[in-house]
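Asker: Could you have a look at this structure, given as structure tokens, before my questions?
The values are calculated or read from the model by the stated rules, or taken from the named source; none is laboratory data. Keep in mind it's a predicted model, so treat the numbers as computed, not measured. Virtual Cβ from ideal backbone geometry, glycine too; neighbours counted across all protein chains shown. Each accessible area value is taken on the protein alone, full model and side chains, heavy atoms only, with ligands, DNA and RNA left out. Shrake-Rupley method; radii C 1.70, N 1.55, O 1.52, S 1.80 Å.
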Amino acid sequence: MKKFNITVAGGGSTFTPGIIMMLLDYLEEFPIDTIKLYDNDEARQKTIADACEILLEERAPQVTLTASTDPEEAFTDVDFVMAHIRVGKYAMREQDEKIPLKHGVLGQETCGPGGIAYGMRSIPGVLELVDYMERYSPDAWMLNYSNPAAIVAEATRKLRPNSKILNICDMPIGIEELIAKNLGLSSRKEFEVNYYGLNHFGWWTDIRDKEGNTLMPQVIEHVSKNGYATDGSSELEQQASWNSTLKKAKDIQALDPETVPNTYLKYYFFPDYEVANSNSDHTRANEVMEGREKFIFTECQAIIDKGTAKDTNLTIDEHASYIVDLAKAIAFNTKERMLMIVENNGAIVNFDPTAMVEIPCIVGSEGPEKLVVGEIPRFQKSLMEQQVGVEKLVVEAFEEQSYQKLWQALVLSRTVPSASVAKDILDDLIEANKDYWPELK
């Protein structure tokens, strides 16, 4: 069986050890020759790489690991690029969250003004990775889950229309695992879903077991009463901010009782509630820096200091399994059914054909084949049209270096109350992002 070469772009990410551990779990069905780490922050990547090298030596010595800041070295002779970059790191995420809150507006990583700011930073970073891949390994596929995925997907559709990039998100997968737990099932792979929407902006319309029996009545009943909360043992529920988000799903679900929603819709439907329950001095970015960020780097340094990973507390990241399933689908033409972010082009028949929608696809060696969703209701259609307008304006603003269009994008967001507030936020974001955004005219 062919052995694959993989570049992990964002090698210094806290998610990289979990991805590598997941890849090791799948070695029999997805053999690997070389894993290359690539990051533009050499010092940060070195800690992750040195720890992962020890881990590989102990668990899979046949797999070679390299780490580089040189694009040619990192992207030459690879089959897949798994991209999860964060331009500006958590320090800029903190600004994304705190600047809007200063103006009484939702501060969130991928939604509202924070998501727009992050998108303006992510677009050039992801496009650069696409260009490196096409230059040094033109037959490779990029599996991209860099956020904000909706804006990044629109940017690659418009600015790199022929690139072999697949945009995905692990959030629906995490929710489906909680659904499975509430149904008494061992895994989300025991059922099949119908889902449509935009990234972080969608609805499940049907969930069936492998025999075709609907599970939706039980799911709807649970979500309408408890949101996606389970017995409290899941990793998400043990984080206060996520626990609140999972429970809030019951209020979102009340707007369309025949479906169950993506949790991120709370930011668009209840922005006043979110602002009122936010601490503008200590946001989710601070929680992550004090929690996951500190934990991963402490664990990696401990592996380096001890010279062994045998007693490490590092664990496999849930979302990593989705990446491996996608790589296997392309490598071995498995025709796996997966949620993907793809150009609509008629899948939702009463919706913008150029919109990047999140829907079920059958994935094989040629990439995703969209499944037809059909018509969607006016409520969802209208909400999605507004949000697609935001995403397209952000990409146009980046491409044209347009202050006007970025202001329009902020005004169009459901999270921003007025044009004057939008302008004040934009001016603050421009100052904070002067090292990352193009100069706006």
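Asker: Give the long-range amide H neighbours of Trp204: residues separated by 5 or more places, or on another chain, with amide H under 5 Å away, using H modelled in the peptide plane at 1.01 Å from N.
Answerer: Val260, Asn262
Asker: Moving on to the next point. Under a 5 Å amide H to amide H cut-off, with H placed in plane at 1.01 Å, what residues pair with Gln108 once short-range neighbours are removed?
Answerer: Excluding prolines and chain starts, which carry no amide H, the hits are Gly114, Gly115.
Asker: For the range 279-361, give the percent of accessible area contributed by carbon and sulfur heavy atoms, probe 1.4 Å, rounded to a whole number.
Answerer: Carbon with sulfur: 48 percent of the solvent-accessible area.
Asker: Related question: Whose amide H sits under 5 Å from the amide H of Gly11, counting only residues 5 or more places off or on another chain, with H placed in the peptide plane?
Answerer: Those qualifying (amide H under 5 Å, at least 5 residues apart or on another chain) are Tyr38, Asp39.
Asker: Let me ask something additional. Given N residues in the range 171-249, what is its alpha carbon radius of gyration divided by 2.2 N^0.38 Å?
Answerer: So the Cα radius of gyration is 1.05 times the expected 2.2 N^0.38 Å.
Asker: Please report, in whole Å, how far the alpha carbons of the range 255-403 spread along each principal axis, starting with the longest.
Answerer: 59, 49, 41
Asker: Give me the Kirkwood hydrodynamic radius of the range 116-250, using the inverse of the mean 1/r over all pairs of distinct Cα atoms, in Å to one decimal.
Answerer: Computed over Cα pairs of the range 116-250, the Kirkwood hydrodynamic radius comes out at 17.0 Å.
Asker: If you don't mind, there's one more thing I want to ask. Kindly write out, for the range 114-124 in residue order, the coupling ³J(HN,Hα) from the Karplus curve 6.51 cos²θ - 1.76 cosθ + 1.60 (θ = phi - 60°), rounded to whole Hz, with x marking Gly and Pro.
Answerer: x, x, 5, 4, 4, x, 5, 7, 6, 3, x
Asker: Under 20 Å from a point 7 Å along the Cα-to-Cβ line of Phe379: which residues of the range 258-296 have their amide N that close?
Answerer: The answer is 258-274.
Asker: Still on this model: Could you work out the Kirkwood radius for the range 94-136, taking every pair of different alpha carbons, averaging 1/r and inverting it, reported in Å?
Answerer: 11.3
Asker: While we're here: If you average the sequence gap of Cα pairs under 8 Å that are 6 or more apart and divide by the length of the range 289-364, what percent do you get for the contact order? It would help to have the intermediate numbers written out before the result.
Answerer: Values: 71 pairs, mean separation 18.6, N = 76.
Across the range 289-364, relative contact order equals 24 percent.
Asker: Here's something else I'd like to know. Hey, can you find the accessible area per residue of the range 242-306 for me, probe 1.4 Å, expressed in square angstrom?
Answerer: With all protein chains present, the range 242-306 gives 47 Å² per residue.
Asker: Please express the shape of the chain as an equivalent ellipsoid: the semi-axes are the square roots of 5 times the eigenvalues of the C-alpha gyration tensor, given largest first in whole angstrom. Can you show the working numbers first?
Answerer: On the way: eigenvalues 193, 142, 106 Å².
Semi-axes (√(5λ), whole Å): 31, 27, 23.
Asker: Output ³J(HN,Hα) for the range 222-228: one whole-Hz value per residue in order, computed from phi by the Karplus curve 6.51 cos²θ - 1.76 cosθ + 1.60 with θ = phi - 60°, and x for Gly and Pro.
Answerer: Couplings: 5, 5, 5, 9, 10, x, 9 Hz.
Asker: What's the long-distance tail for the range 1-129, i.e. % of Cα pairs beyond 22 Å?
Answerer: For the range 1-129, the fraction of Cα-Cα distances above 22 Å is 43 percent.
Asker: What Kirkwood Rh does the range 205-342 have if only Cα atoms enter the pairwise 1/r average? Answer in Å.
Answerer: The answer is 18.5 Å.
Asker: OK, next. Can you compute 3J(HN,Hα) from phi for each residue in the range 200-209, using the Karplus curve 6.51 cos²θ - 1.76 cosθ + 1.60 with θ = phi - 60°, rounded to whole Hz and x for Gly and Pro?
Answerer: Once θ is set to phi - 60°, the couplings for the range 200-209 become 6, 6, x, 9, 7, 10, 7, 9, 10, 6 Hz.
Asker: Please report, as a whole percent, how much of the solvent-accessible surface of the range 213-269 comes from carbon and sulfur atoms (probe radius 1.4 Å). All intermediate terms of the calculation are to be shown ahead of the outcome.
Answerer: Working: 1200 of 2480 Å².
Ligands and nucleic acids excluded, carbon and sulfur give 48 percent.
Asker: Here is a follow-up. Would you mind putting 353-360, 92-99, 331-338 in packing order, based on average other-beta-carbon counts within 10 Å, highest first? Working shown, then result.
Answerer: On the way: 353-360: 21.4, 92-99: 23.4, 331-338: 15.2.
Sorting 353-360, 92-99, 331-338 by mean packing, highest first, produces 92-99, 353-360, 331-338.
Asker: Which loop GluC sites (Glu not before Pro) in the range 121-219, with loop taken from DSSP, have no more than 16 other Cβ atoms within 10 angstrom of their Cβ?
Answerer: Listed in order of number, the matching sites are Glu211.
Asker: Considering all alpha-carbon pairs of the range 231-309, what whole percent are spaced by more than 16 angstrom?
Answerer: The answer is 64 percent, as a whole percent.
Asker: Tell me the carbon and sulfur percent of the accessible area for the range 1-81, rounded to whole percent, probe radius 1.4 Å.
Answerer: About 42 percent, which is the carbon plus sulfur part of the accessible surface.
Asker: For the chain, what relative contact order do you get, as a whole percent, if you take Cα pairs closer than 8 Å and at least 6 residues apart?
Answerer: Result for the chain is 17 percent.
Asker: Quick one: work out Rg over Rh on the C-alpha atoms of the range 332-423, Rh as Kirkwood radius.
Answerer: 1.09
Asker: Using the Cα centre of the range 358-412 as origin and beta-carbon charges of +1 (Lys, Arg) and -1 (Asp, Glu), tell me which of Val372, Pro360, Gly389 is placed farthest towards the positive end of the dipole.
Answerer: Gly389
Asker: Another question, if that's okay. Could you check what % of the DSSP bridge pairs in the chain are antiparallel, to the nearest 5? Provide the component values of the computation, followed by the final result.
Answerer: Numbers: 24 of 47 bridges.
Here the share of antiparallel DSSP bridges comes out near 50 percent.
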